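Asks: First the structure, which I've put down as structure tokens, then a few questions once you've had a look.
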Amino acid sequence: MGFTQALLAFRRGRYFRVFYLVVLSLMVSSMLVFFCFGLILIPLVMIALPWWLKDRKVRVLAVNGIVVLVLASIFFAAILSQNLTSRAREPLEASALDVSLTNGTVTPEGGSPGATYSFTVDLKVGSGGVPASFPVYLNLSRSSGLSFAAESFPMAPYDPANTNLSGGVRYVHNRSVDDGVYFYWFSVGAQNATGVWWLATGAGLGPVVAGYGSFFTFSLGFSVQYMILPIIFYYMFVFLMWFTRRSRAARGQRVETAGESGFMCTNCGSDVPADANRCPKCGAEFEASGPAPKGEGADAKR
């Protein structure tokens, strides 16, 4: 058997649909990275590929949506988990006016649950001041499964004797953590004439104390959430396709039925028995020689 014949045999086989659904799920999972574009692009691709492959039954498309939702979520969760556990960590920072937070880190970046980890960040205030006027906090978010819990902890100057905020003061907080996926960030409150305003850094991953399974469960929750809107749009397209086909079939059936046992009123479109002289819906009267009403609209006899 040649390559072409083998390819055609595979195309007609039972495993071809499994193959293209896996390929389609990989395409969808890659598009989840670009979430805003994926909202429209993902449903279109999920419709276009089966359509191009002549797999156009509405029931098939409906089942495809469930399969792609599951597979694409799993693929994207695996990619996200690998990215989270292997990417390099960058120091956290933020600045506004003359206040800045820099070099926000956790040491060590990873280890075992129950160990103590040191969170540090540098605070600098150009106009000076005393540390008591600028409270600095460590914010720690923990994910266990699909649940989240966030806490804030006050930080203290690493060197209590250093109060020179204009030159920079390092803050530290040492803490042990349980098993879970953690994100941390730093914030500082600054007093002004209208009250206290807050400056916060972006969030960083760490410390990494959980295994790959915990990261996969965490990532899978996000993957399913990202897939919900594209899948909703996809099923809207499938429903419109089903409704259009059903309407066409219903119209064709009405015309066929009317041809066997009657005719269609040209005034309102209703089905009329073959022996009727008047439309049962609009009341238009018909000539004895055919199904054309004597008048149209307002001119028809009621």
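Asks: How much length would be gained if the chain were fully extended between W198 and R245, taking 0.36 nm per residue of separation minus their Cα-Cα distance, in nm to one decimal?
Replies: Value of the extension gain: 11.2 nm.
Asks: Using +1 on the beta carbon of Lys and Arg, -1 on that of Asp and Glu, and nothing else charged, what's the dipole of the chain about the Cα centre, debye to 20?
Replies: Result for the chain is approximately 1380 debye, rounded to the nearest 20.
Asks: Pulled fully out, how much extra length does the chain show between S127 and E285, if you take 0.36 nm times their separation in residues and subtract their Cα-Cα distance?
Replies: Going from the current span to full extension adds 47.5 nm.
Asks: Another question, then. Could you give P(r) for the chain, binned at 20 Å from zero, as whole percent values over all Cα-Cα pairs?
Replies: Distribution as computed: 23, 30, 24, 14, 8, 0 percent.
Asks: Taking the Cα-to-Cβ direction at Q5 and at D159 and moving 7 Å from each Cα, how far apart do the two end points lie in nm?
Replies: In this crude label model, Q5 to D159 measures out at 8.4 nm.
Asks: Go through 14-23, 62-71, 196-205 and give me the packing order, highest mean Cβ count within 10 Å leading.
Replies: Top of the packing list down: 62-71, 196-205, 14-23.
Asks: Can you list the chymotrypsin sites (Phe, Trp or Tyr not before Pro) in the stretch 22-83 that are in a DSSP coil and have 12 or fewer other beta carbons within 10 angstrom?
Replies: Answer by residue number: F34.
Asks: Please identify the helices of the chain, taking whole runs of DSSP H, that span at least 27 Å along their own axis as judged from the Cα atoms and have a mean Kyte-Doolittle score of -0.5 or higher.
Replies: Flagged H segments are 58-86, 212-261.
Asks: Also: Please report the relative contact order for the chain, taking Cα pairs under 8 Å with a sequence separation of at least 6, and give it as a percent rounded to a whole number.
Replies: About 17 percent, as a whole number.
Asks: Return the ratio Rg/(2.2 N^0.38 Å) for the stretch 44-129, where Rg is computed over Cα atoms only.
Replies: Here the Cα radius of gyration is 2.02 times the empirical estimate.
Read-outs: derived from the displayed coordinates by stated rules, not from any lab. Note that the structure is predicted; figures quoted are calculated from it, not measured. Heads up, the Cβs are rebuilt from the backbone with ideal geometry, glycines too, and the neighbour counts pull from every protein chain shown.
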